[in-house]
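The values are calculated or read from the model by the stated rules, or taken from the named source; none is laboratory data. Please read these numbers as outputs of a predicted model, since none were measured by experiment. Here the Cβ positions follow ideal geometry from the backbone for every residue, glycine too, while neighbour counts run over all protein chains shown.
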Amino acid sequence: MPPRTEQLSVFPAFFRVEGRVAAVFGNGDEAFAKVRLLLNTQARIVAYAPAPEADYHAFLIANRIETIRGDFSLDQVKGATLVFAASGDAAADRAIVDAARAERIPANAVDQPDYCDFYTPALVNRAPVAVAIGTEGAGPVLAQMIRAQIDQMLSPSLGKLADLATRFRKPVERLVPRGVARRIFWRRFFSGAVADAVNAGHVAQAEQAADALLQSSREVEGRVWLVGAGPGAEDLLTLRAQRVMMEADVIVHDALVPQAIVDMGRRDAERLSVGKRKGCHSKSQEEINDLLVQLGREGRRVVRLKSGDPLVYGRAGEEMAALRAAGIGYEIVPGITSAFAAAADFELPLTLRGVASSLVFTTGHDLTGDVLPDWASLAVSGATIAVYMGRTVAASVAGRLMQAGLPPETTVAIIENASRRDRRLMHGILRDLPGLEHRDELGGPVMVIIGDAVAGANFEQSEPLVRRGAVAQDYARS
C-alpha cells in the first residue's frame, strides 16, 4: 500500500457554466443522474440520447432539456464547457472523452477514473452558496453520507442571506475599513440579528438589522482570548476555541502547542511564537504581557494559545492583570488540562469512592526548604497527586512524599505526550520514580500521577518504569 499523504490528487474548483453548454451522452441511469445534478446550475444542458429509457425520456421532456438523437459524432462536443460520457459502454465513453480532450474540453467518463478530468461531487445547494463533496473515488456512498450531514447543518435560508450580503457588499466596502472591522462586520452579519431575521422570513427586518450593523461597524475595539489548546491532540480542541481561532487576526502561541493546532487558525492570521518551553524562553512573561496589550490597542483580535488549560500553570493571571490595567477586553476559553488527558489514556480514575476523594495539581517545584507543602500531607491521606512537568522533579517528589509517610509501594503512572499519537505510558511504584529523571529519551511533556487510585488504571498498554529482574541484578552486583 502506498504511503498515505495529506495532499489531494485533485484541485477543488467551481466552473462557470451559466448559459454555457454542458453535454451529457447516454440513455440510462448514469446520464439521468448527471442531468439531475446539472439542473442545480444555470448551464444549458444538451442531452445526446439516441434511445433514452422511459423515465429519463419523460424527465427530459418535463424539464424542457434539449435532446439530440442519433449516434455519437466528433463535432457534438465542440463548443461545450463540460462533457459527461455516461453511455454505460466503456469503450464508447472513452471515445467521447478523447474527442472532448482533443478540443481541450474537460470530460468525465462514468466509473472510469482514468478517463475523468474532473469528478462530480455530492452537492449541497443553497444557491448562491454551494458545498461540493468529493472523495477521489473512495465511494459515492461516503460522499452522500457527508452531504446529508452538511445539509442538516446549513439553514434552508442560507441562500437568501447570501443574496442579501451581495446587496450590502458595496456599502460595506465604502463605509467599513478594510481588515479587522470588515471581517467582524461580516461575521456578525452571517451569525447575528440579520441571519435570524432572514431565517424567520422577515426580509424587511433583516435589511433594517443590516443597516444598523453597518452604522455601528466603523470602529473595532481590540480583544484578546486566552485559549486552552488542550493536551496536544487536535480533536480535543474545544468548539469554542476553534471558533475564536477562526476569528483571530493574530495567534500568539507557546512552543508546547503542536503546529497542527496552530494551523487550525484562520489561514491569513499572523502567527507569533513566544517560546515558553523549559530552557528556551524566547520572550519573558513581561514581554508577552506587553505584546498582548500592544496588539489589543491596535484593534487586533488576538488568540493567546496555551497548552492545556490557560488557568492551570499557564500564567494567565499575569496576562489578565495586564489586559485589565490597559482596558483591553478579554475572554477565557478553557481547555482540557494534561492531567485529565493522561488519566484518560491510562483509563485511570482520578477519584475513586472509598479510596481517593480529592485531587491535587502541582508542578512539584515547591518542595524546596524544610517545610513540606500541604499537598504532601494530602497525599498521605489518600489524595491523587497529578504532577506537571514531572520528569525533572521526580526524585524530589518521590523523596519528600516518602518522607511525609506515603508508602514506597504506592502506584505511579507516567505518561509522555498525553493524548497524542506518539504518547508513551509507563507505570511503577513510588520508590522507582527517581529513575525517571535519567530517562533522557523522554523529550515531550511528562505527567506523573501518584496515589492509591492509580492502582485501578489499565496498564495493558503501559511498560514498567523499572524491570524487577534488572533491579534484583543491580542489588546483587552491589
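Could you tell me which numbered condition Gln259 fails, if it satisfies all but one of (1) more than 23 Å from Glu6 (Cβ to Cβ); (2) without any contact (Cβ under 8 Å) to a residue 24 or more places away in the chain? Going through (1) more than 23 Å from Glu6 (Cβ to Cβ); (2) without any contact (Cβ under 8 Å) to a residue 24 or more places away in the chain one by one, Gln259 breaks only (1).
Looking across region 413-439 at every residue that is part of a strand (DSSP E or B) and within 33 Å of the chain's Cα centre (by Cα), the one that is nearest to Leu256 (Cα to Cα) is identified as Glu416.
Every condition in (1) among the polar types (S, T, N, Q); (2) crowded, with 20+ Cβ neighbours inside 10 Å; (3) not assigned by TED's automatic domain parsing to the domain that holds Thr67 holds for Gln7 except the one numbered (2).
Restricting region 26-44 to residues that are of a type outside the set (Lys, Arg) and outside any helix (DSSP H, G or I) leaves a set whose member that is surrounded by the most Cβ atoms within 10 Å (Cβ to Cβ) is Gly26. Among the criteria (1) within 24 Å of Pro177 (Cα to Cα); (2) among the small types (Gly, Ala, Ser); (3) free of Cβ contacts under 8 Å to residues at least 24 places away in the same chain, the one Ser284 does not fulfil is (1).
Residue count for region 321-339 under the criterion of being at negative phi and surrounded by fewer than 19 Cβ atoms within 10 Å (Cβ to Cβ): the result is 8.
Taken over region 72-89, residues that are closer than 16 Å to Gly28 by Cβ and part of a loop (DSSP other than H, G, I, E, B) amount to 5. Within region 178-195, residues that are in contact (Cβ under 8 Å) with a residue 40 or more places away in the chain have Cβ atoms under 6 Å from residues that are of a type in the set (Asp, Glu) and crowded, with 16+ Cβ neighbours inside 10 Å in these pairs: Val180/Asp249, counting only partners at least 6 apart in sequence or on another chain. Inside region 120-164, residues that are closer than 25 Å to Ala99 by Cα and either touching a Lys or Arg at 6+ places or on another chain (Cβ under 8 Å) or crowded, with 16+ Cβ neighbours inside 10 Å (or both) make up a count of 2. Inclusion of Leu8 among residues that are modelled with pLDDT under 95 and among the hydrophobic types (A, V, I, L, M, F, W, C) is warranted.
A single member of Ala127, Ala148 is of a type in the set (A, V, I, L, M, F, W, C) and without any contact (Cβ under 8 Å) to a residue 40 or more places away in the chain, and it is Ala148. Taking Val110 as the residue in question, decide whether it is under 24 Å from Ile133 (Cα atoms), touching a helix residue (DSSP H, G or I) at 6+ places or on another chain (Cβ under 6 Å), free of Cβ contacts under 8 Å to residues at least 24 places away in the same chain and surrounded by 15 or more Cβ atoms within 10 Å (Cβ to Cβ). So Val110 does not fit the description; no.
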